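> Here's a structure for you.
The values are calculated or read from the model by the stated rules, or taken from the named source; none is laboratory data. Predicted, not measured: the structure shown is a model, and the values here were computed from it. No Cβ is skipped: glycine too gets one built from the backbone with ideal geometry, and neighbour counts run over all protein chains shown. Areas reflect the complete protein model, heavy atoms only, side chains present, ligands, DNA and RNA absent. Shrake-Rupley method; radii C 1.70, N 1.55, O 1.52, S 1.80 Å.
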Amino acid sequence: MSEISEKTLKEIEEKKIVPQSHWNFILKNGVFWFLFLISIIIGSLAVATIIFMLTDYDWEAYKYMDKTQIEYIFLAIPYFWVIILIIFLTFAYYNFRHTRKGYIYEFYVVIVVNLFASVLLGTSLFFDGFDPEINEALLKNVPLYHKCVCTKEDIWDLPDKGLLGGKVTMIKNQDEFTLRDFHGNFWEVELENNKWPEEIPFQSGVEIKMVGQREGANIFWARGIGLWNGKP
Amino acid sequence: MIQNRSYLDKTDEELVTLSLEDKGYYKYLVERYEEKLLRYIVRLSGLSKEDAEDILQDVFIKAYQNLNDFDTGLKFSSWIYRITHNEAITHLRKLKSRPKVIIDQGANDLALNALRADLDIEKNIDKKYLLENITGTIDRLDEKYKNVLVLKYIEDKNYQEMSDILKRPMGTVATLLKRAKEKLNVELLKKSKNFI
């Protein structure tokens, strides 16, 4: 027996060293796979929220704002969710890289496949009736989050720039009604030339968006009206 | 326990299975690899034989503790080289010293022949000069380049084995090796010009 093998076996004997259980390694590998899958799932939630926010955006409202189309596009990017997606793509890569055979694949292959999986799952989730509850809960409860995203409500909450949205609460007459905006403020709205669109029912409870001009503290003169979920 | 002679016919993988049942068999794996791995540690680290033996003992203990993690889809030699590589690098980082490449004369000739053929620099560099300076030049390269050069030209490992030992994709290993040769080429040419 060689000196090294003798020393090694002696140390194994003296310190009562035993091989770690097979299950330890299976568990360790499983943890990395689990964290990888969790990262992909969170990444897909981010993708679904991004798609929701982009489809919910009024892409033509820039015409009524003092912004170029490019500036408006940059405003539409949900940076918060893009960053979340990047973080979890990185986390997914890290975990995949630490699985038993993860090192075999090139960095860009793993990232592209992860991104593809997140986009595929996120898109399916969106079309399968995605509930944007996380987004709404974050908007309500985390002020910092609201600073990172630009919502449709934010665009139609610029009365000084002539953009106002909310719910009709009371019809006064043919060309006057009361509206509650998304902060709960009440507005007296006057219509230009009785121009209430025919396709929108003129009744309380209807959610609308308006282009016009602020006339006073809580008075708005509406030049154009559209359904909240319709075109501006 | 099997007889001394019969273990020679066993594959590494069979010896791993047997060692898990009876630790006595593990000595055959140790004996099979100790010389190669000791040489590898010395080549990679430049440590004394005694220090390298201490690292090697830790390697065998660690490998024994992790025997159940050995993936039979991998060559045992790649797996044990990986553990050795990591232990040697960890040890050197603790000592905060850069690994030094030490090439013994037998390996030097083989490595140099392979390297010379690959680098295609003989027409530009004096052969004697190349022989005297190649190890020092490899030693001054970045650790990542040094690792691939040692594995490829001194340990004679193929891309698959290098990928398994370094836990890097084969494409990355190939790129690293290409860059390592380019760097080595540039350094050797630079030094030989100064020499002339």
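> Are any of the residues in the stretch B:59-82 open to solvent by 10 Å² or more (accessible area, probe 1.4 Å), free of Cβ contacts under 8 Å to residues at least 60 places away in the same chain and more than 12 Å from chain A (Cβ to nearest Cβ)?
no
> Sticking with this structure for a sec: May I ask you to verify whether residue B:16 is more than 9 Å from chain A (Cβ to nearest Cβ), hydrophobic (A, V, I, L, M, F, W, C) and more than 30 Å from residue B:135 (Cα to Cα)?
yes
> Now a separate question. In the stretch B:164-196, which residues are within 14 Å of another protein chain (Cβ to nearest Cβ) and open to solvent by 80 Å² or more (accessible area, probe 1.4 Å)?
Within the stretch B:164-196, B:168, B:170 qualify.
> Oh, and also: If I ask for residues that are over 25 Å from residue A:100 (Cβ atoms) and either surrounded by 16 or more Cβ atoms within 10 Å (Cβ to Cβ) or in contact with a His (Cβ under 9 Å, 6 or more places away or on another chain) (or both), which ones from the stretch B:18-30 would you list?
B:27, B:28
> If you don't mind, there's one more thing I want to ask. Restricted to the stretch A:1-31, and to residues that are within 44 Å of the chain's Cα centre (by Cα), at the interface with chain B (Cβ under 7 Å from one of its Cβ atoms) and not hydrophobic (A, V, I, L, M, F, W, C), which residue is most open to solvent (accessible area, probe 1.4 Å)?
A:22
> Counting only residues that are at pLDDT 85 or above, give me the helices (runs of 4 or more DSSP H) lying completely in the stretch B:23-137 with at least 1 of them.
Fully inside the stretch B:23-137 and qualifying: B:26-45, B:49-65, B:76-95.
> Any idea which of (1) closer than 30 Å to residue B:32 by Cβ; (2) surrounded by 15 or more Cβ atoms within 10 Å (Cβ to Cβ) is the one residue A:85 doesn't satisfy?
Residue A:85 satisfies all of (1) closer than 30 Å to residue B:32 by Cβ; (2) surrounded by 15 or more Cβ atoms within 10 Å (Cβ to Cβ) except (1).
> Of all residues in the stretch B:139-152, how many are farther than 16 Å from residue B:85 by Cα and out of contact with any Lys or Arg (no Cβ under 8 Å at 6 or more places or on another chain)?
1
> Just the residues that are of a type in the set (Phe, Trp, Tyr) and surrounded by 17 or more Cβ atoms within 10 Å (Cβ to Cβ), please, taken from the stretch A:70-82.
Scanning the stretch A:70-82 gives A:72, A:80, A:81.
> Might you check whether a residue that is open to solvent by 70 Å² or more (accessible area, probe 1.4 Å), of a type in the set (A, V, I, L, M, F, W, C) and touching a strand residue (DSSP E or B) at 6+ places or on another chain (Cβ under 8 Å) occurs anywhere in the stretch A:163-170?
Yes: one or more hits.
> Would you call residue A:231 at pLDDT 90 or above and within 26 Å of residue A:53 (Cα to Cα)?
So residue A:231 fails the test.
> Report, by residue number, each residue of the stretch B:44-54 that is more than 11 Å from chain A (Cβ to nearest Cβ) and either closer than 19 Å to residue B:82 by Cβ or crowded, with 20+ Cβ neighbours inside 10 Å (or both).
Those that are more than 11 Å from chain A (Cβ to nearest Cβ) and either closer than 19 Å to residue B:82 by Cβ or crowded, with 20+ Cβ neighbours inside 10 Å (or both): B:44, B:45, B:47.
> Next question, about the same structure. Residue B:33: at the interface with chain A (Cβ under 9 Å from one of its Cβ atoms) and under 23 Å from residue A:10 (Cβ atoms), yes or no?
No, not satisfied.
Table: residues versus (1) within 14 Å of chain B (Cβ to nearest Cβ); (2) among the aliphatic types (A, V, I, L, M); (3) open to solvent by 30 Å² or more (accessible area, probe 1.4 Å); (4) over 30 Å from residue A:228 (Cβ atoms).
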site	(1), (2), (3), (4)
A:36	no, no, no, yes
A:51	no, yes, yes, no
A:116	no, no, yes, yes
A:133	no, no, yes, no
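> Specify the residue that is most open to solvent (accessible area, probe 1.4 Å); the eligible residues are those in the stretch A:183-199 that are modelled with pLDDT under 85 and under 18 Å from residue A:230 (Cβ atoms).
A:198
> Would you confirm, using the coordinates I've provided, whether residue B:161 is within 14 Å of another protein chain (Cβ to nearest Cβ), within 16 Å of residue B:81 (Cβ to Cβ) and not aliphatic (A, V, I, L, M)?
Spelling it out, residue B:161 is indeed within 14 Å of another protein chain (Cβ to nearest Cβ), within 16 Å of residue B:81 (Cβ to Cβ) and not aliphatic (A, V, I, L, M).
> Of the numbered conditions (1) farther than 15 Å from residue A:145 by Cα; (2) under 15 Å from the mean Cα position of the chain (by Cα), residue A:79 fails exactly one; give the number of that condition.
(1)
> Follow-up. Here are the criteria: (1) of a type outside the set (Lys, Arg); (2) open to solvent by less than 50 Å² (accessible area, probe 1.4 Å); (3) in contact with a helix residue (DSSP H, G or I) (Cβ under 9 Å, 6 or more places away or on another chain). Tell me which single one residue A:137 does not satisfy.
(3)
> Here are some residues: A:61, A:92. Which one is at pLDDT 90 or above and open to solvent by less than 60 Å² (accessible area, probe 1.4 Å)?
A:92
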